[in-house]
Structures are given as C-alpha cells and as structure tokens.
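First the structure, in the form of structure tokens, and then the observations on it.
The values are calculated or read from the model by the stated rules, or taken from the named source; none is laboratory data. Computed from a predicted structure; not experimentally measured. We place every Cβ from the backbone using ideal geometry, glycine too, and count neighbours over all the protein chains shown.
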Amino acid sequence: MSNMPDEPNSQPEHVLRLYVTGASQNSAKAIRNVKQICDTHLKDAYHLEIIDVYTQPEIAKEEQIVAVPMLVKSFPLPEKRLIGNMSDTEKVLKGLDL
C-alpha cells in the first residue's frame, strides 16, 4: 500500500514501513491505526509499505526486525522504530517526530 505524490520523481516527506505477521489481530489493528494516523496527520506526504514477515522473511532479516508489529520511519532521518499495535496515537506521533 502506498500513498505517493503525483510527481513521479518527488520524494515523499515521510517514508514508513510497517512489519506485520500475517492476518493476526494485532497486525490488523496496527495496519488500521497506522493508516488512520498517516491519513490524518501526514495527508498526501507519505509512502507506507506494509511487509508481512511470514511471506517476506528475507526483508525482516535484512532490516533486523526482532518484534512485530513494528513501524519503521526511514525518512526523514533519524530512523525511528516503534513496536506494538500503534493504538496510542500520541506516542506514535511523538515517535515519528510529528
């Protein structure tokens, strides 16, 4: 899932990856919460990639993902990692420097 600006070569203001485990209840809740936070607070200025560690274990290994759900903000720097279902909106916003 992505939400990219209309200009093909433009860099979104926030680049996020959400690592989840299949269709678990906690993963589904994290996906809903992150999408709602992004749509409310980042509007069209983000790219969100959702990665299932069951179907893409090599990515999880490369990124050293040790717990899921995990939200990784890779841009803008510094990189931030948040663990959990992202239900505490204020904590997520603070973790993303928003």
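Output the residue which, of all residues in the range 28-54 that are in contact with a Pro (Cβ under 9 Å, 6 or more places away or on another chain) and of a type in the set (D, E, K, R), is modelled with the lowest pLDDT.
Filtering first and then ranking leaves Asp44.
Any idea how many residues of the range 46-92 are polar (S, T, N, Q) and in contact with a strand residue (DSSP E or B) (Cβ under 6 Å, 6 or more places away or on another chain)?
1
Can you tell me how many residues in the range 77-97 are under 17 Å from Glu13 (Cβ atoms) and loosely packed, with under 13 Cβ neighbours inside 10 Å?
Residues that pass the stated criteria total 4.
Would you be able to tell me the number of residues in the range 55-71 that are surrounded by fewer than 18 Cβ atoms within 10 Å (Cβ to Cβ) and under 20 Å from Met86 (Cα atoms)?
Qualifying residue count, the range 55-71: 4.
What tally of residues in the range 27-36 results from selecting those that are surrounded by 14 or more Cβ atoms within 10 Å (Cβ to Cβ) and either out of contact with any strand residue (DSSP E or B) (no Cβ under 9 Å at 6 or more places or on another chain) or of a type in the set (S, T, N, Q) (or both)? Give the derivation first.
Of the residues in the range 27-36, the ones surrounded by 14 or more Cβ atoms within 10 Å (Cβ to Cβ) are 27-31, 33-35.
From what's left, either out of contact with any strand residue (DSSP E or B) (no Cβ under 9 Å at 6 or more places or on another chain) or of a type in the set (S, T, N, Q) (or both): 27, 29, 33.
Looking only at that region, the number is 3.
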